[in-house]
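Trainee: Got a structure for you, questions after.
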Amino acid sequence: MSSEKKRVQFRAPDRLIDRTDALADVLGENRTDILVTALREYLQEATHDDTLVQEIAAAYYDDEITSKQVETLLGAAEAANLRVLKQQLDNDFIDEVAET
C-alpha cells in the first residue's frame with residue numbers, strides 16, 4: 001500500500017461524527033484512523049459484491065472508467081481478465097459488423 005496520502009474534506013451528519021469520535025476515544029485512536037479503517041473495510045466488502053463487480057465491468061466496457069481504475073478497485077488479475085474479455089467483445093462486434 002502506498003504511503004502517499006491525499007487530504008480530503010467532506011461533510012457528514014453530526015451524529016455520525018459524534019459516534020466516530022466516541023469510538024476513537026474508546027479505541028484510543030483519532031477520528032481519521034476510524035474513518036480510514038471504515039472506508040477501507042467498506043471498499044473491500046463492496047468490491048467483493050458480485051452485483052457491484054458487474055457494474056464495474058459494465059462501466060469499463062462502456063469506457064466510463066479506465067483499466068487502471070478497474071485495477072485499483074478489483075486488483076491486477078481481475079483487471080487483466082476484464083481487458084481480455086473487452087478485447088474479445090470488441091472483436092466479436094467487429095466480426096458481426098463485417099458479416100452484415
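The values are calculated or read from the model by the stated rules, or taken from the named source; none is laboratory data. Just so it is clear, the structure is predicted and the values come from calculations on it, not from any experiment. Cβ atoms come from the backbone with ideal geometry, glycine included; neighbour counts cover every protein chain shown.
Trainee: What residue, of GLU64, GLU71, is part of a helix (DSSP H, G or I), under 30 Å from GLN87 (Cβ atoms) and of a type outside the set (Lys, Arg)?
Mentor: The unique qualifying residue is GLU71.
Trainee: Of (1) surrounded by 10 or more Cβ atoms within 10 Å (Cβ to Cβ); (2) modelled with pLDDT under 95, VAL97 satisfies all except one. Which?
Mentor: All conditions are met except number (1).
Trainee: While we're looking at this one, here's another question. Can we say LEU39 is assigned to a helix (DSSP H, G or I), out of contact with any His (no Cβ under 6 Å at 6 or more places or on another chain) and surrounded by 13 or more Cβ atoms within 10 Å (Cβ to Cβ)?
Mentor: Taking the combined requirement at face value, the residue does not satisfy it.
Trainee: Looking only at residues that are loosely packed, with under 13 Cβ neighbours inside 10 Å and either within 23 Å of LEU73 (Cβ to Cβ) or aliphatic (A, V, I, L, M) (or both) in region 16-32, which one is nearest to the chain's Cα centre (by Cα)?
Mentor: Only one residue fits best here, namely THR32.
Trainee: List every residue pair whose Cβ atoms sit under 9 Å apart, with the two residues 6 or more apart in sequence or on different chains, where the first one lies in region 8-25 and is in contact (Cβ under 8 Å) with a residue 40 or more places away in the chain and the second, anywhere, is among the charged types (D, E, K, R).
Mentor: Between residues of region 8-25 that are in contact (Cβ under 8 Å) with a residue 40 or more places away in the chain and residues that are among the charged types (D, E, K, R), there is no close pair.
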